[in-house]
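The values are calculated or read from the model by the stated rules, or taken from the named source; none is laboratory data. Just so it is clear, the model here is predicted, and its values are computed rather than measured. As a convention, Cβ positions derive from the backbone with ideal geometry for all residues, glycine included, and neighbour counts pool all protein chains shown. Remember, those area values only see protein heavy atoms, side chains included, never the ligands or the DNA or RNA. Shrake-Rupley method; radii C 1.70, N 1.55, O 1.52, S 1.80 Å.
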Amino acid sequence: MLCIGLEGTAHTLGIGIIDSDGKTYANVRSEYVPKSGGIHPREAAQHHVDVLAAKLLETLEKSDLTLKDIELIAFSRGPGLGPCLRITATAARTLALLLDIPLVGVNHCVAHIELGRLITGFKDPLVVYVSGGNTIVSAYEAGRYRVFGETLDIALGNMLDTFARAAGLTHPGGPKIEKLAKNSARNFISLPYSVKGMDLTFSGLLTAAVNILKEGVQLEDLCFSLQEVSFAMLTEVTERALAHTEKSEVLLTGGVAANKRLQEMLHIISEEEHDAKFLAISPDLAGDNGVMIAWTGLIQFMQGDILDVKNSQILPKWGLSAFEFTRT
Ligand code: AMP
Ligand code: MG
């Protein structure tokens with residue numbers, strides 16, 4: 001069965017096609033990059049409107065398929081920015097009605113995890129999901145992805161991007177910080193380390209880093225220290241969740257999963273300390289994409305989880321653990 005997935009929770013408009021055997025036919029993306037500051041929801045939504053039709057045609061061209069071949073349509077129903085979600089939801093409903101095929105509403109966080117499981121072959125991992133909008137340590141138990149630890153304020157990716165902007169680096173900041181950190185002399189600059197029980201906070205760390213930046217320190221050293229502190233915080237919480245759940249696999253997913261230093265830290269606590277296998281999703285599928293929506297849509301469809309168009313409203317605050325989901 002062939003499914004097309006539409007992703008549009010935030011900055012990325014993604015369209016992907018996958019079949020029920022897990023074969024990807026196309027993975028097309030377009031990212032809204034703010035001219036200044038962070039994501040403006042209305043501008044991001046306008047970006048999605050502007051590119052959607054062309055990206056849909058590109059997806060079909062790349063996959064060598066026509067719309068008539070598509071048997072199922074999935075869209076990111078939430079969580080995310082309302083104006084952005086509405087664009088892809090409207091497009092998905094239109095296609096479902098036009099093609100007379102079933103419609104499935106997918107939880108964006110579950111989609112990152114499920115694509116990660118497909119790519120890595122992991123059966124039941126502890127999941128570290130870190131992106132521009134989310135920072136969650138989770139594992140599946142009794143019909144839901146339970147949250148063991150998460151950020152209490154901003155996401156790790158958002159913190160990196162905001163710091164990068166203050167340092168005059170362009171969006172997305174995460175990869176630029178990684179590069180600068182790699183080239184640093186590794187002079188550690190002390191920064192606040194903030195773990196609260198199993199949860200994390202990044203806003204104080206961000207403020208401190210921005211303030212130190214103004215004092216005129218080496219940017220490379222500050223990037224190095226920011227990564228060391230924020231990744232160590234996340235690694236501490238992950239290790240505790242791993243000790244508690246005793247999972248034998250650890251999966252890193254979301255846009256920040258592309259970071260080699262974060263991978264290294266999680267690899268050490270997983271493989272060396274807890275005898276668990278560690279894998280990160282491949283960089284091309286780490287960030288938001290349509291393939292993850294299509295794949296999770298297929299899983300939901302197999303469970304009979306189909307949406308009536310008239311009841312397919314978006315769910316901007318649809319948390320990971322709020323979604324009852326039967327895994328295959
Ligand atoms: P997503 O929200 O899943 O699309 O992921 C986007 C986020 O991933 C942004 O905050 C990026 O800065 C971040 N990101 C991407 N590549 C890297 C990297 N190599 N290191 C750290 N963060 C990254
Ligand atoms: Mg995401």
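Under the condition of being within 12 Å of Ile281 (Cα to Cα) and among the hydrophobic types (A, V, I, L, M, F, W, C), which residue from the range 104-128 is most open to solvent (accessible area, probe 1.4 Å)?
Once the filter is applied, the top-ranked residue is Ile119.
Would you mind telling me which numbered condition in (1) within 28 Å of Val137 (Cα to Cα); (2) open to solvent by less than 60 Å² (accessible area, probe 1.4 Å) Lys196 fails?
(2)
Name every residue in the range 158-185 that is part of a helix (DSSP H, G or I) and among the polar types (S, T, N, Q), in order of residue number.
Correct list: Asn158, Thr162.
Quick one: which residue in Glu58, Glu150 is open to solvent by 10 Å² or more (accessible area, probe 1.4 Å), away from ligand 2 (no atom under 16 Å from the Cβ) and more than 13 Å from the chain's Cα centre (by Cα)?
Testing whether each residue is open to solvent by 10 Å² or more (accessible area, probe 1.4 Å), away from ligand 2 (no atom under 16 Å from the Cβ) and more than 13 Å from the chain's Cα centre (by Cα) leaves just Glu58.
Quick one: how many residues across the range 32-55 are open to solvent by 20 Å² or more (accessible area, probe 1.4 Å) and free of Cβ contacts under 8 Å to residues at least 40 places away in the same chain?
So the count comes out to 12.
So Gly255 passes all but one of these: (1) at pLDDT below 95; (2) within 16 Å of ligand 1 (Cβ to nearest atom); (3) over 30 Å from Lys123 (Cβ atoms). Which condition number does it fail?
Gly255 satisfies every listed condition except (3).
Of all residues in the range 222-273, how many are more than 18 Å from Leu156 (Cα to Cα) and open to solvent by 20 Å² or more (accessible area, probe 1.4 Å)?
Number of matching residues: 13.
Of everything in the range 286-305 that's open to solvent by less than 20 Å² (accessible area, probe 1.4 Å) and hydrophobic (A, V, I, L, M, F, W, C), which residue is nearest to the chain's Cα centre (by Cα)?
Ranking the qualifying residues of the range 286-305, first place goes to Ala286.
Any residue in the range 11-21 that is away from ligand 1 (no atom under 14 Å from the Cβ), of a type outside the set (Gly, Ala, Ser), at pLDDT 95 or above and open to solvent by 10 Å² or more (accessible area, probe 1.4 Å)?
Yes, there is a match, as at least one residue in the range 11-21 is away from ligand 1 (no atom under 14 Å from the Cβ), of a type outside the set (Gly, Ala, Ser), at pLDDT 95 or above and open to solvent by 10 Å² or more (accessible area, probe 1.4 Å).
I'd like the residue in the range 137-147 that is part of a strand (DSSP E or B) and open to solvent by 10 Å² or more (accessible area, probe 1.4 Å) and, out of all such residues, is farthest from ligand 1 (Cβ to nearest atom).
Out of the qualifying residues, it is Glu141.
Pairs needed: first member in the range 6-31, farther than 15 Å from Asp50 by Cα and of a type in the set (Asp, Glu); second member anywhere, more than 16 Å from ligand 1 (Cβ to nearest atom) and open to solvent by 10 Å² or more (accessible area, probe 1.4 Å); C-beta distance under 7 Å; at least 6 residues apart or different chains.
Asp19/Met1; Asp19/Leu2
With the condition kept exactly as written, say whether any residue in the range 114-124 is within 17 Å of the chain's Cα centre (by Cα), within 12 Å of ligand 2 (Cβ to nearest atom) and in a helix (DSSP H, G or I).
Within the range 114-124, one or more residues are within 17 Å of the chain's Cα centre (by Cα), within 12 Å of ligand 2 (Cβ to nearest atom) and in a helix (DSSP H, G or I).
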